[in-house]
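**Student:** To start, I am sharing the structure in question, which I have written as structure tokens.
Every number here is computed from the coordinates shown, using simple stated rules; none is lab data. Just so it is clear, the structure is predicted and the values come from calculations on it, not from any experiment. Backbone-built Cβ (ideal geometry, glycine too); neighbour counts: all protein chains shown.
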Amino acid sequence: MFHKVNAIIFINCKLFFISIFMWLLCVIMIFASMKINKLSFFNVQFFVFLCFITEFHLHVFAQNPLFAKSRNIQNHSFSNYHIVRPYKLDLELDINMQDEYIHGIAIYHLKWNRDLKKVDVSKATIRTSNGVVSGLVNQTNDKIILDTKGLIIESIYGMNGVLDWKYGDSTEIFGKALEIASPSFDTIIQIHYRTWNKMETKRNPNFISAIQWLKPSQTHDKKNPFMFSQSQAILARTWLPCMDVPAVKFTYNAIVNYPSELNVVMSAQKFADMPSFLKLYPNKPGEFRYFIKRKLSSNLSKPSNPISTHPSNLSNPSNPSNPELINPSNPSNPSNPNKRIYFHQSLPITSYLMAIAVGDFQSIKLGDNCLVYAEPGLLEKAAYEFADLPKMIDSASALYGKYAWKEYNVLVLPPSFPFGGMENPVVTFATPTIITGDRSLVSLLAHELAHSWSGNLVTNETWNDFWLNEGFTVYFESRIMEKIYGKDYAEMLTVLGLGELKKTMADLMQTAPADTRLKLNLNGRNPDDGLTDIAYEKGRFFLLWCEQQIGRKQWDKFLNQYFKKHAFSTSNTESFVKELTQFCLENQKGLKINLSEFSMNVKQWIYGIGFPKMQLVNNGGSNSNSSLLNNDKSLMPIIRSTYLDQAQKIANLVNGVNKDRGVCTGVPDMMNLDTKNWTTHHFLYFLRNLDSLSFANMQFLDAKFGFSKTENSEIAFDWFQLCIKSRYSVAYPDLANFLKKVGRRKFVLPLYESLTLRCRVKDQNKDNLSSNPEWKLAFDTYEIARVGYHSVTQNSIDALFQFDSWTK
Ligand code: BES
Ligand code: ZN
């Protein structure tokens, strides 16, 4: 699909070229007229006049909101964070589980860029620590621009009272710019807002929101409603007006009012009573107290609900004169708001790590400062599954420095959670599909824990640098797994990762080769487009290659240095390369190849398309052995796993029998096969290496291993993929049940893709489609299952089906 934003950029480029073309034409015409001696003053005037008219029209075009839209989008955000930045957020949230909305008061503490607030940025080229800032056209310096999407803004206050605001540019993906006039450069602003409620969301079926509101039937225990957020990559703006860009970091405090029968977590430490440091906090000179005094003493223009919007209610939560919080007849009240809890995040985080979940969950302690939260019916199982978490925290800290976030907890969410895990600080959100009873999928927790360093401490500066978050994390995850479960186990996981990378690489080389680079160009696109195995696995293999070139000891020294240097800040690809090169320059002794060769190959890994190939240095004098190697040599580290050898052998056997049109029932090695020692990974490797099989062989495998009914989602996923490949329709009802039960995008999207693959050609008419059993299964199942999926999952599958067109 030709993307709207791309189209806008394209049109703007076109306008620019038309302008250049017209002026060139003018000059040529003048010269031509001179040549034929017919140049008169009138002629020149006429041509120049023509150019001005064209230029004027182009200018009018460019001012058109349709064309203007893309210009202010830098790094997937409308916010003017180069001019003003929040460094602290005080948040009060009322959670209305009944009408499914959040009412919020967000108080931002701001720092203005002294240099920028004085200059007219529309004319300036500005140098900041992050380099030259360009494209600031239209940004004036006395505005605060935040990102919003689907939010209802009620009122906004500055230090001197009500502030004017308006919506600025908007796009379908990026939402709406909230432009707040701040003529006196307020250092504190207060925004009263709410998210769309149930009805408003229903009216916008394609709306992608961070928050999913679940009915009791969609939870494990089926007794209470549940809600959770998923802010990464750019969905924080759907529940909090914010500068939704990873380069901006802030600390936060929050007060949450919620139904008493439920529980709450946020990506911050939780306090049942208002902690003493929070009571002190508003009294800091020049901050909150001052702000409130000013508000009380001045007779400001009154907001629609002056008491509920008064900041004093926030500073004193037990204030009995706050009718909004205790009067249940107030429509903006939560359903049963008789519980209030406090959160404090003392370390700066970016907006995509803002998180909240409300539901009926309890906790079990796994170690010092380490809890698991889950619904009561799942809690014991979850605690058993995640028992190694404290060991993981110790191992990770021993590798790359002290754990910074005070507590590490995990919340097990209902199965509609669209991801495997999300590294929200203090509390990782996790899918229940990793609870298998044998602790075989806990590497996911090692992954989310590793993000406490790579991602949460040192954050990708832009989504184009996403591999810095995920590649580092997969590498780090593998080191944790190696420390706890041994080298063989970690290598087995790496081999499985390589298999996934090979598949992704083959697909992307066909459809979007530029997206096989580590450093991406996602400008104007949804950053979710970068969420592929390239960032994760190509990133990991690059870092593994670095380790092999530099030597583990030195490499770990570099990583420790890197995490320390960028802690609570950001990093980008270029600064990483610079620092790595500098480190190697200073530590050349241990380097396996010479420095210039190393640097060239680093560039190949990062900016090259596909799998990286060895780059040769043409310096004549190089005495490095590797320079003599064939130019086609892959840079991919070679790894093998003896662990998986048996699974590969059995897969080969089944494939062989099947190819010879035989049936496994007649093969003694298959009949007597003992898989008692097989873990989830053996089965995954086995299933992934099978060809499409005959009905009889599929039946044999299903009878022997009970794949169709397995409770292990990873195995179920690979089995159902094989079923679709082999058209083993006996398993389709179980496949449909799986799709209705689980909403994790990594599972459901590829299954819908495989089911519709044979029919996914443009302009197919519906009748033909419904005569295809796989398409029909996908269609019928999605019609039922869609409402249960998180909007992130819905959005991906809608795009696959072009849902809009085939429901009409
Ligand atoms: N932070 C990611 C999830 C994410 C990335 C959500 C980008 C939205 C946008 C998380 O750490 C992650 O990578 N989860 C993986 C699990 C992991 C073991 C590979 C997942 O959800 O599958
Ligand atoms: Zn991750």
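**Student:** Mind pulling up the Rg/Rh value for region 645-689? Radius of gyration and Kirkwood radius, both on Cα.
**Tutor:** On the way: Rg = 10.5 Å, Rh = 10.9 Å.
Value, to two decimals: 0.97.
**Student:** Take the Cα atoms of region 660-796, find their three principal axes, and give me the spread along each one in whole Å, biggest first.
**Tutor:** Cα extents, longest axis first: 48, 30, 20 Å.
**Student:** Next question, about the same structure. Label points 7 Å out from Cα along the Cβ direction at ILE28 and ILE638: separation in nm?
**Tutor:** For ILE28 paired with ILE638, the spin-label model returns 5.9 nm.
**Student:** Sticking with this one: Pairs LYS365/LYS553; LYS149/LYS198; LYS249/LYS578; LYS519/LYS592: which are spaced more than 27 Å apart, C-alpha to C-alpha?
**Tutor:** Working: LYS365/LYS553 35 Å; LYS149/LYS198 15 Å; LYS249/LYS578 23 Å; LYS519/LYS592 25 Å.
Violating the 27 Å Cα-Cα cut-off are LYS365/LYS553.
**Student:** Based on the Cβ-Cβ distance of ASP645 and ASP273, what FRET efficiency does E = 1/(1 + (r/R0)^6) give at R0 = 45 Å, to the nearest 0.05? Walk me through the numbers before you get to the answer.
**Tutor:** Numbers: r = 57 Å, r/R0 = 1.28.
The computed FRET efficiency comes out at 0.20.
**Student:** Report the label-to-label distance for ASN689 and SER217 in nanometres (one decimal), using points 7 Å from each Cα along the Cα→Cβ vector.
**Tutor:** Result for the modelled spin labels: 4.4 nm.
**Student:** Further question: Translational diffusion coefficient of region 396-452 at 25 °C, 0.890 mPa s, Stokes-Einstein with Kirkwood Rh over Cα pairs, in µm²/s as a whole number. Spell out each step's value before the answer.
**Tutor:** On the way: Rh = 11.9 Å.
In µm²/s, the coefficient rounds to 206.
**Student:** For region 637-648, in order, what is each residue's ³J(HN,Hα) by Karplus, 6.51 cos²θ - 1.76 cosθ + 1.60 with θ = phi - 60°, in whole Hz (x at glycine and Pro)?
**Tutor:** My calculation for region 637-648 gives x, 8, 9, 10, 10, 5, 3, 8, 4, 5, 4, 5 Hz in order.
**Student:** A further question follows. Using 19 Å as the cut-off for backbone N distance, which residues of region 644-660 belong to the label zone defined by a point 7 Å from the Cα of LYS676 along Cα→Cβ?
**Tutor:** Backbone N within reach: 646-647.
**Student:** Roughly what would the spin-label model give for LEU595 and ASN655, points 7 Å off Cα along C-beta, in nm?
**Tutor:** Modelled inter-label distance: 4.6 nm.
**Student:** Let me ask something additional. Can you pull the semi-axes for region 186-243, root of five times each eigenvalue of the Cα gyration tensor, sorted largest first, whole Å?
**Tutor:** Numbers: eigenvalues 136, 38, 29 Å².
Semi-axes from the Cα gyration tensor: 26, 14, 12 Å.
**Student:** Then there is this: Show me, for region 489-496, the HN-Hα J-couplings you get by feeding each phi into the Karplus relation (A = 6.51, B = -1.76, C = 1.60, θ = phi - 60°), rounded to Hz, glycine and proline as x.
**Tutor:** Running phi through 6.51 cos²θ - 1.76 cosθ + 1.60 with θ = phi - 60° gives 5, 4, 5, 4, 5, 5, 4, 5 Hz.
**Student:** Taking 0.36 nm per residue of sequence separation and subtracting the Cα-Cα distance, how much length would be gained by fully extending the chain between LEU585 and ASP164, in nm to one decimal?
**Tutor:** Numbers: separation 421, 0.36 × 421 = 151.56 nm, distance 5.42 nm.
146.1 nm is the gain from fully extending LEU585 to ASP164.
**Student:** Then there's this: Between PHE21 and LYS502, what's the calculated FRET efficiency when r is the beta-carbon distance and R0 is 51 Å? Round to 0.05.
**Tutor:** So, using R0 = 51 Å, E works out to roughly 0.65.
**Student:** Now, a different point. Report the full-extension gain for the segment GLU753 to LYS553: residue separation times 0.36 nm, less the Cα-Cα distance, to one decimal in nm.
**Tutor:** Going from the current span to full extension adds 67.6 nm.
**Student:** What is the extension gain from GLU200 to ARG727, computed as 0.36 nm multiplied by their sequence separation minus the C-alpha to C-alpha distance, in nm to one decimal? Write out the running numbers ahead of the final one.
**Tutor:** On the way: separation 527, 0.36 × 527 = 189.72 nm, distance 4.15 nm.
In short, 185.6 nm is gained.
**Student:** Just to check I understand the Karplus step: with θ = phi - 60° and J = 6.51 cos²θ - 1.76 cosθ + 1.60, what whole-Hz values come out for region 510-525, glycine and proline as x?
**Tutor:** Each residue of region 510-525 in turn: 7, 9, 8, x, 5, 7, 8, 7, 5, 7, 9, 10, 9, 4, x, 9 Hz.
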